[in-house]
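J.: Here it is, the structure in full.
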Amino acid sequence: MANWDNLEEPTTRKKRVWKPISGLEWPGDSALDLALKKLHNQDFDRKALLHRLVYIAKLGSELNDKRDLGTYYDKQFRQWQNQYQGEGVTGMLLVYPNHYVHLVESSQEVLTALIRDLAEMGERDDAMITDSKILVISGNISARLFGQWNSRVLNLPASRLELYETNESIESLVPECLTQMLKLGMYLARQPKLSLKSVMDSLHEKVPEFLIEQDLIGYLLQSVDLASPKQYLGLYDRPFDVVLDSELVWPLATKTFPLS
């Protein structure tokens, strides 16, 4: 006779969840899906990626008041921000007697609009600039270097380009220029807010070692190793087409992965 006293109450059965044994079984997540989920979880609170652009340019003869350059970019940044609704714009515009250096931190859309504007101005005879070169574009930077966007006209005497001589390569000169701009941003970040304006008005007196030499700017503008805005856009707008080796074989393969 069966012993009914020793029987236990039936437990609630848990719902079984299907799990793939290997990455080839469907509908399991692929390695790409898992990587994208991980990135999504890490950047869940981030609205947009932050990028940094540093470029140099030569002022045109049509620019009578150098302060108009800062006014122009201030207006353009407001327009682009309203158009793209992305990250705010921070950075520094340093205007020399014949050139200027511009560091901009914002979204990819704003930086691309800025580069397109540079390319268009480079083709006009009445533009504020006549030539420009991109030093670097840093993608997905972790933090801003500048708290806001500012422009300053440096009170420096004009120099002659033919006096600048160097044996260093472009690969060495460009990182030195970028290091100076980064040090300038760190220096300004340590200044009290009450005295920040007076400090920026006298950068050439207080921290001349953090300013790129204007002769060097003119030298870099003549380099063929640095991309112009037009050259950059030619690569940026080019369609990215990839032809797989399997697409060049006929007849097409019927089995791409082993099923057993």
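J.: For the structure I just gave you, tell me whether D126 is surrounded by fewer than 16 Cβ atoms within 10 Å (Cβ to Cβ) and farther than 20 Å from L49 by Cα.
T.: On the way: surrounded by fewer than 16 Cβ atoms within 10 Å (Cβ to Cβ): yes; farther than 20 Å from L49 by Cα: yes.
Yes; evaluated as a whole, the condition is true for this residue.
J.: Could you list all residues from the stretch 48-75 that are in a loop (DSSP other than H, G, I, E, B) and either polar (S, T, N, Q) or under 23 Å from D125 (Cβ atoms) (or both)? I'd like the intermediate steps shown before the answer.
T.: From the stretch 48-75, those in a loop (DSSP other than H, G, I, E, B) are 48-50, 60-66; that's our starting set.
Result: G60, S61, E62, L63, N64, D65, K66.
J.: When you look at L184, is it of a type outside the set (G, A, S), at pLDDT 90 or above, more than 16 Å from Y100 (Cβ to Cβ) and under 24 Å from the mean Cα position of the chain (by Cα), yes or no? Before you say what the answer is, go through the steps one by one.
T.: On the way: of a type outside the set (G, A, S): yes; at pLDDT 90 or above: yes; more than 16 Å from Y100 (Cβ to Cβ): no; under 24 Å from the mean Cα position of the chain (by Cα): yes.
For L184, the condition - of a type outside the set (G, A, S), at pLDDT 90 or above, more than 16 Å from Y100 (Cβ to Cβ) and under 24 Å from the mean Cα position of the chain (by Cα) - is not met.
J.: Out of R144, R78, R116, I need the residue that is modelled with pLDDT of 90 or more, among the charged types (D, E, K, R), in a helix (DSSP H, G or I) and crowded, with 16+ Cβ neighbours inside 10 Å. Which one? Let's see the steps before the verdict.
T.: Working: R144 fails: in a helix (DSSP H, G or I); R78 fails: crowded, with 16+ Cβ neighbours inside 10 Å.
Step by step, each of R144, R78, R116 is checked, and only R116 is modelled with pLDDT of 90 or more, among the charged types (D, E, K, R), in a helix (DSSP H, G or I) and crowded, with 16+ Cβ neighbours inside 10 Å.
J.: Can you pull out every residue in the stretch 181-196 that is charged (D, E, K, R), free of Cβ contacts under 8 Å to residues at least 12 places away in the same chain and in a helix (DSSP H, G or I)? Walk me through how you get there before you give the answer.
T.: Filtering the stretch 181-196 for residues charged (D, E, K, R) gives 183, 190, 193.
Add one more test, that the residue is free of Cβ contacts under 8 Å to residues at least 12 places away in the same chain, and what stays is 190, 193.
Scanning the stretch 181-196 gives a single hit, K193.
J.: Return the pair list, or none, for Cβ contacts closer than 7 Å from residues in the stretch 197-222 that are part of a helix (DSSP H, G or I) to residues that are open to solvent by 70 Å² or more (accessible area, probe 1.4 Å), at least 6 apart or on different chains.
T.: That search, which allows pairs on different chains as well, returns V199/K206; H204/N155; F210/K183; D215/L163; L221/K58.
J.: Something else now. Taking into account only those residues within the stretch 227-260 that are surrounded by 10 or more Cβ atoms within 10 Å (Cβ to Cβ) and assigned to a helix (DSSP H, G or I), which is modelled with the lowest pLDDT? Even if it seems obvious, please write down each step before you answer.
T.: Start the filter on the stretch 227-260 by keeping residues that are surrounded by 10 or more Cβ atoms within 10 Å (Cβ to Cβ), which leaves 227-234, 236.
Of the ones still in play, those that are also assigned to a helix (DSSP H, G or I) are 229-234, 236.
Values: P229: 94, K230: 93, Q231: 93, Y232: 92, L233: 92, G234: 88, Y236: 84.
Step by step, filter the stretch 227-260, then rank; the result is Y236.
J.: Within the stretch 96-113, track down each residue that is in contact with a helix residue (DSSP H, G or I) (Cβ under 6 Å, 6 or more places away or on another chain) and either open to solvent by less than 10 Å² (accessible area, probe 1.4 Å) or within 20 Å of S138 (Cβ to Cβ) (or both).
T.: Y96, L103, E109, V110, A113
J.: Another question about this same structure. Which residue pairs have Cβ atoms closer than 7 Å, lie 6 or more positions apart in sequence or on different chains, and pair a first residue in the stretch 51-68 that is more than 10 Å from V95 (Cβ to Cβ) with a second residue that is crowded, with 18+ Cβ neighbours inside 10 Å and of a type in the set (K, R)?
T.: Y55/K133; I56/K133
J.: Of the residues in the stretch 216-226, how many are in contact with a helix residue (DSSP H, G or I) (Cβ under 6 Å, 6 or more places away or on another chain) and open to solvent by less than 30 Å² (accessible area, probe 1.4 Å)?
T.: Pass one, the stretch 216-226, residues in contact with a helix residue (DSSP H, G or I) (Cβ under 6 Å, 6 or more places away or on another chain): 218, 223, 225.
So of that shortlist, the ones also open to solvent by less than 30 Å² (accessible area, probe 1.4 Å) come out as 218, 223.
Residues in the stretch 216-226 being in contact with a helix residue (DSSP H, G or I) (Cβ under 6 Å, 6 or more places away or on another chain) and open to solvent by less than 30 Å² (accessible area, probe 1.4 Å): 2 in total.
The values are calculated or read from the model by the stated rules, or taken from the named source; none is laboratory data. Predicted, not measured: the structure shown is a model, and the values here were computed from it. As a convention, Cβ positions derive from the backbone with ideal geometry for all residues, glycine included, and neighbour counts pool all protein chains shown. Just the protein is used for accessible areas: all its heavy atoms, side chains included, with ligands, DNA and RNA removed. Shrake-Rupley method; radii C 1.70, N 1.55, O 1.52, S 1.80 Å.
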